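One structure is given below, represented as structure tokens, and several questions about it will come after.
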Amino acid sequence: MFYFFLFFTIFSNSQATIEGFFSDDVFKNSEITFSILDKDGKKLVGINSEKSLNQASVSKLIITLATLKELTLGFRFKTDFYTTVELPLNGILEGDLVIKSYGDPNLEMEDLYKIVEDLKLRGLKEIKGGVIFDFSFFDKEQNIYTLKYEDDSRSYAALNSVAPLNYNAFKFSVSPSEKEDELAFINIVSPISKMIIIKNELKTSLKRSSFKIKTTPLKNGKTELSIIGRVNKDSKPMIFYRKIHNPDMVFKTMFRNILVKSGIKVRKNTKTVYENTIKYETLKDFYTFYTRNILDTLILMNRYSNNFIAEQLLKIIGKTEEKSASWEVGIKKIKDILENDVKLKENSYTYINASGLNDANFFSSEQIAKILVYIYQNFDYKWYVLSTLPKMGISGTMRRYCLNNDCKGNIIAKTGSLRSTVSLAGFLKGDKDVYIFSLVISFEASKKKFREILKKTKEIFNDVIDSGEL
């Protein structure tokens, strides 16, 4: 009952006793920072509480706060469509169709079909000019991840762009053929398959499956999917996700293809604009396509720890009137919030990206807990942030944290994990009050060590619930 004693000491103020619990062998050679605060911000427990460690995906709590402040709750993501001349009743556009993208992280391939259907319903039959894609809302930087040991092909490290589709990733399946030594099957169902070149060196085998997947950019703008190794003959189809390497071209190609396939003729080539040179006051409003609102987007990000959404939001809040949106400005706004609103000291932390997929987002557990106290004490943020977070034993990345039915829903928190980090920060519901906590455990990168520490962390927080002391 590890945490029975841990939280009992909240009331007995036995710091030495708490420190003793972290002498368990599983934490040997690990670094720990742990804090428990009450809802008024008073520190009840602190173990190395001022020690800064990499927060991993717990960092998403920060972009959650910043997004709600900078974009406000009523914000909805959109894509605007304009024409250079009025569309006549015959549906033949004598000019260009202009598409203005704003970095909507929710756009999926299905949305392009909806958009084209709506364009047709508004009377568009033919474009005698071309399609102009205005990508000037974002700067051209697309990669903010810094973890060198992570697989650059993985969808959790997808590139960011002003007009993304499907989180700038694609899905495919791998399945064995009927005979040994024959090439296995690699299947991409989505229309995005036109932008993927498959390099299949995966053979069917009687041995255990063992293969490597890699995506790389090609000079023609397409993405090469390379799979090398073997797959067991009796294996069932396996589904994987990987990143695409030229998201701007994917969006443009897919949109034009769907336009033409729907029967809308496009006479001229597409054009892409990366500078803020289009004079929209001279254009005609034609259509606006909306996806999710900000709250639903934050739910997706926090409950399923979506790195792509986090980095899109960081860039979106980095837009200024004069310049394209950038991560540099987004990070500056984050720091302004942390130092001016939350009152963290300048240079007392390190913040380099929103998702936590890095090795340098350094905060102490007490600082993260203070951020959560600030959220909890502010009506404009409290309930909305709470609604986006995973609930223990119920939803998202905390669904499997509950080891018995009694603990369900008692902790609402953001999880974080890297090869060398396990982190958790959020709100613990007691019988009479709510407690705010932050925990980071850092250790030498090892899959075995990661599993052991994650297992122990789950046991710890289950014991908190079972103790009945709160």
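All of the numbers you see were taken from the coordinates with simple rules; none came from a lab. Computed from a prediction, not measured in an experiment: that's the story for all the values here. So basically every Cβ, Gly included, is an ideal-geometry build from the backbone, and we count neighbours across all protein chains shown.
If you line up the Cα atoms of segment 155-243 on their principal axes, what length do they span on each, largest first, in Å?
Sorted largest first, the three principal extents are 45, 23, 21 Å.
Still on this structure: How big is the Cα convex hull of segment 299-348 in projection, averaged over all directions, in nm²?
Value for segment 299-348: 4.5 nm².
Give the calculated FRET efficiency between Lys261 and Glu182 to the nearest 0.05, with a Förster radius of 30 Å applied to their Cβ-Cβ distance.
Using R0 = 30 Å, I get an efficiency of 0.35.
Now for a separate question. 7 Å from Cα along Cα→Cβ at both Tyr102 and Lys382: what's the point-to-point distance in nm?
Result: 3.0 nm between the two label points.
By how many nm would the segment from Arg419 to Thr72 lengthen if fully extended, with 0.36 nm per residue of separation less the alpha-carbon distance?
Values: separation 347, 0.36 × 347 = 124.92 nm, distance 3.45 nm.
Going from the current span to full extension adds 121.5 nm.
Another question, if that's okay. Distance in nm between label sites at Tyr304 and Lys120, each 7 Å beyond Cα in the beta-carbon direction?
2.8
A further question on this structure: Modelled label-to-label distance, Lys432 and Lys171, 7 Å Cα→beta-carbon offset: nm?
Each label point is offset 7 Å from its Cα along the Cβ direction, giving 4.9 nm.
Could you sort 310-318, 288-296 so that the peptide with the highest average Cβ count within 10 Å comes first and the rest follow in order?
310-318, 288-296
Lys/Arg Cβ at +1, Asp/Glu Cβ at -1, dipole of segment 155-243 taken about the Cα centre: which of Tyr241, Ile196, Tyr167 is farthest positive-ward?
Checked the options; the winner is Tyr167.
Of the beta bridges DSSP finds with both residues in the chain, what % are antiparallel, to the nearest 5?
Numbers: 65 of 87 bridges.
Antiparallel bridges: around 75 percent, rounded to the nearest 5.
So how much slack lies between Asn220 and Lys199, counting 0.36 nm per residue of separation and subtracting their Cα-Cα distance, in nm?
6.0 nm
Just to verify a number: FRET efficiency for Lys140 and Asn347, C-beta to C-beta distance, R0 = 41 Å, to 0.05?
That pair, Lys140 with Asn347, gives E of 0.85.
Eigenvalues of the Cα gyration tensor times 5, then square-rooted: what semi-axes does that give for segment 40-86, in whole angstrom, largest first?
Working: eigenvalues 367, 38, 8 Å².
So the equivalent ellipsoid measures 43, 14, 6 Å along its semi-axes.
Working out 0.36 nm times the residue gap between Lys271 and Glu452, then minus their Cα-Cα distance, what length gain in nm do you get to one decimal?
Separation in residues times 0.36 nm, less the Cα-Cα distance, equals 59.8 nm.
What angle do you read, to the nearest 10 degrees and between 0 and 90, between the alpha-carbon axis of helix 247-261 and the longest principal axis of the chain?
The angle comes out near 50 degrees.
So for the chain, Kirkwood radius off the Cα pairs, Stokes-Einstein at 37 °C and 0.692 mPa s: how many µm² s⁻¹?
Details: Rh = 24.4 Å.
Using the Kirkwood radius from Cα pairs, D works out to 134 µm²/s.
By how many degrees, 0 to 90 and rounded to 10, does the Cα axis of helix 60-71 deviate from the longest principal axis of the chain?
So the inclination is approximately 50 degrees.
So which of Lys171/Lys222; Lys279/Lys333; Lys51/Lys449; Lys120/Lys252; Lys261/Lys315 end up more than 25 Å apart by C-alpha? Walk me through the numbers on the way to the answer.
Details: Lys171/Lys222 15 Å; Lys279/Lys333 28 Å; Lys51/Lys449 21 Å; Lys120/Lys252 18 Å; Lys261/Lys315 33 Å.
Result: Lys279/Lys333; Lys261/Lys315 exceed 25 Å.
Given the -39500 (n - 2.57) contribution per DSSP H run of 4+ residues, what per-residue ellipticity at 222 nm results for the chain, rounded to the nearest 500 deg cm²/dmol?
Dividing the helical sum by the residues of the chain leaves -8500 deg cm²/dmol.
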